[in-house]
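Peer 1: Provided herewith is a single structure, encoded as structure tokens, for subsequent inquiry.
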Amino acid sequence: MRMYLNNVMREIKVLRNIDEIIKKGREILDNSVEFLGCMSYSGLRLVYNNYFDAYEKVMDKYKKNEHNGIKLVTSIDKSSIDLAKSFLKIGVEIRHVKNLPPIDFAASDREIIATIQKSETSEMIQNLLVSNEAAYLDHFVSIFEELWKNGIDAADRITDIEEGIDLADIEIIPNPKEGI
């Protein structure tokens with residue numbers, strides 16, 4: 001048991017140093033073959049302000065078939081349209097989901113990073129969970145895949161908002177008791 005815990009604890013850590021967080025954010029992206037992210041508007045803004053050049057480099061690799069690309073799940077509203085368009089312009093695939101989980105995370109083919117810290121500004125996060133433990137990686141990838149499957153294509157969502165049609169806020173309630 002002790003050997004197992006020692007092994008797992010080496011593969012899970014929390015970064016609190018700003019320089020280490022910035023370095024890890026770039027490192028996970030630079031070393032990835034595939035990159036999946038689930039983030040709030042503030043997380044998307046943080047990426048844009050600190051790592052957008054790294055996203056552009058990965059998308060260049062994708063165009064050369066050297067990477068599987070970047071997929072993001074976020075919530076798009078009027079205030080985040082321009083930001084989403086910036087990512088779409090370089091080829092990042094984005095889907096809108098109405099209810100994001102209470103954690104921002106990203107997963108590569110090798111490791112995950114996550115934070116529960118929510119910031120309404122684009123300030124740098126203060127702590128970051130990092131793990132290459134297969135169980136965590138599988139867990140976060142499965143969450144992402146479910147969100148992706150149920151998400152709305154960002155281009156469609158943006159068009160709806162710009163045209164004043166907000167179908168994302170329409171909810172079908174299949175249970176008659178809940179409807180009443």
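The values are calculated or read from the model by the stated rules, or taken from the named source; none is laboratory data. None of the values given here were measured: they were computed from a predicted structure. Every residue, glycine as well, gets a Cβ built from its backbone with ideal geometry; the counts of neighbours run over all protein chains shown. We work out accessible area using only protein heavy atoms, side chains counted, and drop any ligands, DNA or RNA first. Shrake-Rupley method; radii C 1.70, N 1.55, O 1.52, S 1.80 Å.
Peer 1: Can you find a residue in the range 16-30 that is open to solvent by 70 Å² or more (accessible area, probe 1.4 Å) and modelled with pLDDT of 95 or more?
Peer 2: For the range 16-30, residues open to solvent by 70 Å² or more (accessible area, probe 1.4 Å) and modelled with pLDDT of 95 or more: absent.
Peer 1: Return yes or no: is Tyr62 at pLDDT below 95 and open to solvent by 70 Å² or more (accessible area, probe 1.4 Å)?
Peer 2: No: the conditions fail for Tyr62.
Peer 1: Quick check on Ser131: is it more than 24 Å from Lys85 (Cα to Cα) and without any contact (Cβ under 8 Å) to a residue 12 or more places away in the chain? It would help to see each step written out before you state the result.
Peer 2: Details: more than 24 Å from Lys85 (Cα to Cα): yes; without any contact (Cβ under 8 Å) to a residue 12 or more places away in the chain: no.
When the stated conditions are applied, Ser131 does not pass them.
Peer 1: So which of Gly69, Gly43, Gly25, Gly37 ends up being at positive phi and not aliphatic (A, V, I, L, M)?
Peer 2: Gly69
Peer 1: Tally time: how many residues in the range 97-107 are touching an Asp or Glu at 6+ places or on another chain (Cβ under 9 Å) and open to solvent by 10 Å² or more (accessible area, probe 1.4 Å)? First the steps, then the outcome.
Peer 2: Filtering the range 97-107 down to residues touching an Asp or Glu at 6+ places or on another chain (Cβ under 9 Å) leaves 98, 107.
With the extra rule that they be open to solvent by 10 Å² or more (accessible area, probe 1.4 Å), the set shrinks to 98.
The number of residues fulfilling the criteria is 1.
Peer 1: Also, I was wondering about something else. Return the residues of the range 41-59 that are within 12 Å of Ser86 (Cβ to Cβ) and touching a Leu at 6+ places or on another chain (Cβ under 8 Å); say none if nothing qualifies.
Peer 2: Result: Leu44, Arg45, Tyr48, Tyr55.
Peer 1: Given the conditions (1) farther than 25 Å from Ile161 by Cα; (2) in contact with a helix residue (DSSP H, G or I) (Cβ under 8 Å, 6 or more places away or on another chain); (3) open to solvent by 20 Å² or more (accessible area, probe 1.4 Å), which single one is not true for Ser79?
Peer 2: So Ser79 meets the others, but not (1).
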